[in-house]
Amino acid sequence: MNHFESTYEAPDGVKLYLQAWMPDHPKATLLLVHGLGEHSGRYSVLAENLVSIGISVFTFDGRGHGKSVPNGPDAYFDSYLSYLEDIHVLFEKAKNYQASLPVFLYGHSMGGGFAAAYVLKYHPELSGVILSSPAIMEDPNTPKILKSISGLISRFFPRLKALKLDPKGISKLKKEVQRYLDDPLVYKDAYPARTATEIFNMMKYIQEKVSEFDQPVLLLHGTSDTLTNPEGSKLLFKKSNSIDKTLRLIPGGYHELINDTDSELVLDIIVNWLKEKI
């Protein structure tokens with residue numbers, strides 16, 4: 001397995017850290033979009049599994065995340081549309097690097113929401129999409145008053161630390177939670193108001209356009225996920241226009257299914273789904 005690192009400078013001057021894992025004889029290409037607060041380096045085990053079946057994995061640390069922030073991650077970005085533009089440029093780069101091969105898109109959590117929104121907005125040519133615990137629908141217990149004032153807070157106090165998530169929700173395995181907490185490239189503080197509002201805006205966009213989703217898709221969600229709402233995955237599965245769609249709900253699964261007690265099962269589901277399409 002070959003590993004490469006690089007950078008990309010967006011039109012607005014933001015520099016993003018890129019990396020790729022590649023087999024000697026690639027059969028397909030995949031762009032991976034990580035979740036909120038984390039970074040692309042946390043997907044090395046998944047990448048190894050995909051490289052073993054001939055898939056090149058291209059990925060990046062998003063705006064405000066991981067190695068894309070010189071002084072440490074702050075999980076801040078101004079607009080979900082700018083994030084989608086980054087995905088579009090990097091998807092095209094990955095696709096063109098191995099132009100004759102099938103190309104896939106993988107997104108987890110916030111990255112799963114971004115992957116879905118990207119498909120709906122840019123209509124890329126690809127062979128399939130994998131959405132792991134995607135952020136498509138907000139927590140049903142979110143107070144209406146908070147939704148109504150979030151835009152105002154975001155506008156006037158964009159960097160206000162407004163949304164705190166419990167890291168214990170990522171996995172039932174204590175060692176995985178501790179690995180997450182010990183990682184200096186993971187952002188662990190409350191998330192900025194602007195970031196939270198833009199994720200909410202992204203989810204609204206997906207919900208409004210969901211019937212237009214027409215790509216082959218594998219949806220994975222744990223039934224005990226407290227960080228993203230499993231109902232969002234059910235919504236996309238039910239209302240999308242795709243004729244090739246699979247929803248796998250993992251009983252009792254927490255948020256990071258590839259780092260949870262059923263990780264081997266989930267990795268097998270992912271690998272086998274991709275094998276059928278390359």
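The values are calculated or read from the model by the stated rules, or taken from the named source; none is laboratory data. Note that the structure is a prediction, hence the values are computed from the model and not measured. Note that each Cβ is placed from the backbone with ideal geometry, even for glycine, and that neighbours are counted across all protein chains shown.
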Given the residues VAL57, VAL45, VAL51, which is the only one that is without any contact (Cβ under 8 Å) to a residue 60 or more places away in the chain, of a type outside the set (Ser, Thr, Tyr) and more than 30 Å from ASN241 (Cα to Cα)? VAL51
Go through (1) surrounded by fewer than 24 Cβ atoms within 10 Å (Cβ to Cβ); (2) under 25 Å from LYS277 (Cα atoms) and name the single condition LEU30 misses. (1)
Any hit, the stretch 119-132, residues being assigned to a strand (DSSP E or B) and aromatic (Phe, Trp, Tyr): no
Mind listing whichever residues of the stretch 1-27 are loosely packed, with under 12 Cβ neighbours inside 10 Å, in contact with a Ser or Thr (Cβ under 9 Å, 6 or more places away or on another chain) and under 13 Å from ILE53 (Cβ atoms)? none
I'd like to know if the stretch 81-102 contains one or more residues that are assigned to a loop (DSSP other than H, G, I, E, B), touching a residue at least 24 places away in the same chain (Cβ under 8 Å) and more than 19 Å from GLY54 (Cβ to Cβ). no
Scan the stretch 4-46 residue by residue and report those that are of a type in the set (S, T, N, Q) and in contact with a Gly (Cβ under 9 Å, 6 or more places away or on another chain). GLN19, SER40
Collect the residues in the stretch 240-278 that are of a type outside the set (Ser, Thr, Tyr), modelled with pLDDT of 95 or more and over 27 Å from LEU165 (Cβ atoms), keeping them in residue-number order. ASN241, ILE243, ASP244, LYS245, ASP268, VAL271, ASN272, TRP273, LEU274, LYS275, GLU276, LYS277
Test of understanding: among LYS144, LYS164, LYS209, LYS204, which residue is modelled with pLDDT under 95, under 20 Å from the mean Cα position of the chain (by Cα) and over 18 Å from ASP260 (Cβ atoms)? LYS164
Can you name the number of the only condition in (1) crowded, with 22+ Cβ neighbours inside 10 Å; (2) without any contact (Cβ under 8 Å) to a residue 12 or more places away in the chain that LYS238 fails? (1)
Filter the stretch 61-84 for residues that are touching a Pro at 6+ places or on another chain (Cβ under 8 Å) and farther than 14 Å from TYR17 by Cα; the one that is surrounded by the most Cβ atoms within 10 Å (Cβ to Cβ) is ALA75
Only listed residue being among the hydroxyl-bearing types (Ser, Thr, Tyr), at pLDDT 95 or above and touching a Gly at 6+ places or on another chain (Cβ under 6 Å), chosen from TYR80, TYR106, TYR76: TYR76
More than 23 Å from ILE130 (Cβ to Cβ) and either hydroxyl-bearing (Ser, Thr, Tyr) or touching a Ser or Thr at 6+ places or on another chain (Cβ under 9 Å) (or both): which single residue out of LEU220, LEU227, LEU181, LEU160 fits that description? LEU160
The stretch 217-226, residues that are within 17 Å of the chain's Cα centre (by Cα) and surrounded by fewer than 21 Cβ atoms within 10 Å (Cβ to Cβ): THR226
Is there any pair linking a residue in the stretch 21-40 that is over 30 Å from LEU163 (Cα atoms) to one that is assigned to a loop (DSSP other than H, G, I, E, B) and of a type in the set (Gly, Ala, Ser), with Cβ under 8 Å and at least six apart or on different chains, and which? PRO23/SER52; PRO23/GLY54; HIS25/GLY54; PRO26/GLY54; LYS27/GLY54; ALA28/GLY54; ALA28/SER127
Inspect all residues belonging to the stretch 135-149 and state whether any of them is touching a residue at least 60 places away in the same chain (Cβ under 8 Å), in contact with a strand residue (DSSP E or B) (Cβ under 6 Å, 6 or more places away or on another chain), buried (at least 20 other Cβ atoms within 10 Å of the Cβ) and of a type in the set (Val, Ile, Thr). no
Output for the stretch 249-265, where each listed residue is within 17 Å of GLY112 (Cα to Cα) and surrounded by fewer than 17 Cβ atoms within 10 Å (Cβ to Cβ): LEU249
Go through the stretch 209-229 residue by residue and tally those that are touching a Leu at 6+ places or on another chain (Cβ under 9 Å) and within 25 Å of LEU126 (Cα to Cα). 11
